[in-house]
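**Student:** Let me give you the structure first, and then I'll get to my questions.
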Amino acid sequence: MERRAALVTGGTSGIGKAVARRLKRDGLRVAVLDLPRQEAKDFAESEDLVFIGADLSRREDCRAAIDEVTRVFGRLDVLVNNAGFQHIDPIPDFPEDTWDRMLAVMLTAPFLLSKYAWPFLVAGGQGRIVNVASIHGHVASPFKSAYISAKHGVIGLTRTAALEGGPHGLTVNAICPGYVRTPLVEGQLADQARTRGMSEEEVLEKVMLEPAAIRRLLDPEDVAALASYVVSPAAWGMTGAVLDLDLGWTAR
Ligand SMILES: NC(=O)c1ccc[n+]([C@@H]2O[C@H](COP(=O)([O-])OP(=O)(O)OC[C@H]3O[C@@H](n4cnc5c(N)ncnc54)[C@H](O)[C@@H]3O)[C@@H](O)[C@H]2O)c1
């Protein structure tokens, strides 16, 4: 049987990198989409993954990315919308162009990629979309207005797409991690320390992990293990689910 094919956005760093590696290990053919930087291309080449260079804030890049990945594989079974970035500022100071870019990358691009990939995802009868949201898809924290708005929005998109995909065997789910040790979080530690006038150690203990039941950072591979199950044929009955992997953060 022809192997299933997957596209992982933001697939050359952090969580996306771990998901891409895991899906490849699971036997899928995997393409990683990321900003067209040399180190991203080098990563893909070193891991024998297809590289798709695209800026997801650009609509035409979203279209071209799906055209390219389906040309290369001749099919697309799994779409993992994972790319994202963080910006920390209070609302009065939040740069408007950054707001637009964050919404474009983390909410509009998952919609556009789902829309363009849809005919391929339903063709095989067991398509999978996984949207990497966040605990910040459920709850808020100060200074992250655009991120939190995008993540709340992508949960709504997940549920709607699940309802529409169900009759075609296409499942659509969201994964909501707590803090994961990735370059994004390492950057946030530094930003939060600056904004709050704390040391990075204090931010980790008193801000980031204070509400969690288990006070340690997740590893990207923990998220990849959940994604692996969600895209597997065994998970055919799970759709519209918002899956928390959050160290107990939202339990209280
Ligand atoms: N790290 C965490 O604690 C955490 C927690 C919850 C949710 N998340 C979510 O997980 C996802 C991955 O985060 P990460 O921590 O691995 O971050 P990361 O910075 O390590 O990786 C993000 C990737 O997205 C890519 N990207 C950003 N803007 C892009 C654009 N315009 N076009 C194409 N690619 C773009 C980056 O180049 C990078 O490779 C994000 O959506 C993030 O919001 C992360």
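**Student:** Which pairs have Cβ atoms under 8 Å, sit 6 or more apart or on different chains, and link a residue in the range 35-62 that is within 16 Å of residue 102 (Cα to Cα) to one that is of a type in the set (Lys, Arg) and within 11 Å of the ligand (Cβ to nearest atom)?
**Tutor:** What qualifies is 57/101.
**Student:** Something else about it: Quick check on this structure: which one of 121, 113 is farther than 19 Å from residue 12 by Cα, of a type in the set (A, V, I, L, M) and buried (at least 24 other Cβ atoms within 10 Å of the Cβ)?
**Tutor:** Of the residues listed, the single one that is farther than 19 Å from residue 12 by Cα, of a type in the set (A, V, I, L, M) and buried (at least 24 other Cβ atoms within 10 Å of the Cβ) is 121.
**Student:** Applying the selection to the range 206-221, what residues are surrounded by 13 or more Cβ atoms within 10 Å (Cβ to Cβ) and part of a helix (DSSP H, G or I)?
**Tutor:** 207, 208, 220, 221
**Student:** At least 3 residues that are more than 21 Å from residue 188 (Cβ to Cβ) in each: list the helices (runs of 4 or more DSSP H) lying fully within the range 51-163 that qualify.
**Tutor:** The qualifying helices (runs of 4 or more DSSP H) are 59-73, 109-123.
**Student:** I need a count of the residues in the range 75-109 that are of a type in the set (Val, Ile, Thr), over 21 Å from residue 165 (Cβ atoms) and within 14 Å of the ligand (Cβ to nearest atom).
**Tutor:** Count: 3.
**Student:** If you don't mind, another one. Which one is surrounded by the fewest Cβ atoms within 10 Å (Cβ to Cβ) among residues in the range 182-197 that are over 20 Å from residue 16 (Cα atoms) and out of contact with any helix residue (DSSP H, G or I) (no Cβ under 7 Å at 6 or more places or on another chain)?
**Tutor:** Among those that are over 20 Å from residue 16 (Cα atoms) and out of contact with any helix residue (DSSP H, G or I) (no Cβ under 7 Å at 6 or more places or on another chain), it is 197.
**Student:** Any idea which residue in the range 42-63 is surrounded by the most Cβ atoms within 10 Å (Cβ to Cβ), counting only those that are more than 19 Å from the chain's Cα centre (by Cα) and at negative phi?
**Tutor:** 47
**Student:** Give the number of residues within the range 86-119 that are under 20 Å from the mean Cα position of the chain (by Cα) and either charged (D, E, K, R) or at pLDDT below 95 (or both).
**Tutor:** Residues that pass the stated criteria total 6.
**Student:** Out of 134, 141, report the one residue that is within 11 Å of the ligand (Cβ to nearest atom) and polar (S, T, N, Q).
**Tutor:** Going through 134, 141 in turn, just one is within 11 Å of the ligand (Cβ to nearest atom) and polar (S, T, N, Q): 134.
**Student:** Now for a separate question. Select, from 160, 250, the only residue that is β-branched (Val, Ile, Thr) and more than 14 Å from the ligand (Cβ to nearest atom).
**Tutor:** Criteria check complete, one pass: 160.
**Student:** Related question: Does residue 172 satisfy being within 30 Å of residue 248 (Cα to Cα) and within 11 Å of the ligand (Cβ to nearest atom)?
**Tutor:** no
**Student:** Right, another one. Just give me the residues in the range 115-150 being small (Gly, Ala, Ser), in contact with a Gly (Cβ under 9 Å, 6 or more places away or on another chain) and within 24 Å of residue 67 (Cβ to Cβ), in sequence order.
**Tutor:** 117, 124, 125, 127
**Student:** Here's another thing I want to ask about it. Give just the number: which of (1) within 16 Å of the ligand (Cβ to nearest atom); (2) outside any helix (DSSP H, G or I); (3) more than 17 Å from the chain's Cα centre (by Cα); (4) at pLDDT 95 or above does residue 31 not satisfy?
**Tutor:** Among (1) within 16 Å of the ligand (Cβ to nearest atom); (2) outside any helix (DSSP H, G or I); (3) more than 17 Å from the chain's Cα centre (by Cα); (4) at pLDDT 95 or above, the lone unmet condition for residue 31 is (3).
**Student:** Continuing with the same structure: Identify all residues within the range 179-205 that are away from the ligand (no atom under 15 Å from the Cβ) and not in a loop (DSSP other than H, G, I, E, B); write none if there are none.
**Tutor:** The answer is 193, 194, 195, 196, 201, 202, 205.
**Student:** Taking residue 78, is it surrounded by 19 or more Cβ atoms within 10 Å (Cβ to Cβ), closer than 27 Å to residue 23 by Cα and either without any contact (Cβ under 8 Å) to a residue 24 or more places away in the chain or out of contact with any Phe, Trp or Tyr (no Cβ under 7 Å at 6 or more places or on another chain) (or both)?
**Tutor:** Yes, satisfied.
**Student:** May I pose another question? For the range 39-74, which residues satisfy the criterion of being away from the ligand (no atom under 11 Å from the Cβ), of a type in the set (S, T, N, Q) and more than 24 Å from residue 221 (Cα to Cα)?
**Tutor:** Hit for the range 39-74 is 70, nothing else.
The values are calculated or read from the model by the stated rules, or taken from the named source; none is laboratory data. Fair warning: this is a prediction, and the values are worked out from it, not measured in the lab. Here the Cβ is made from the backbone with ideal geometry for all residues, glycine too, and neighbour counts use every protein chain on show.
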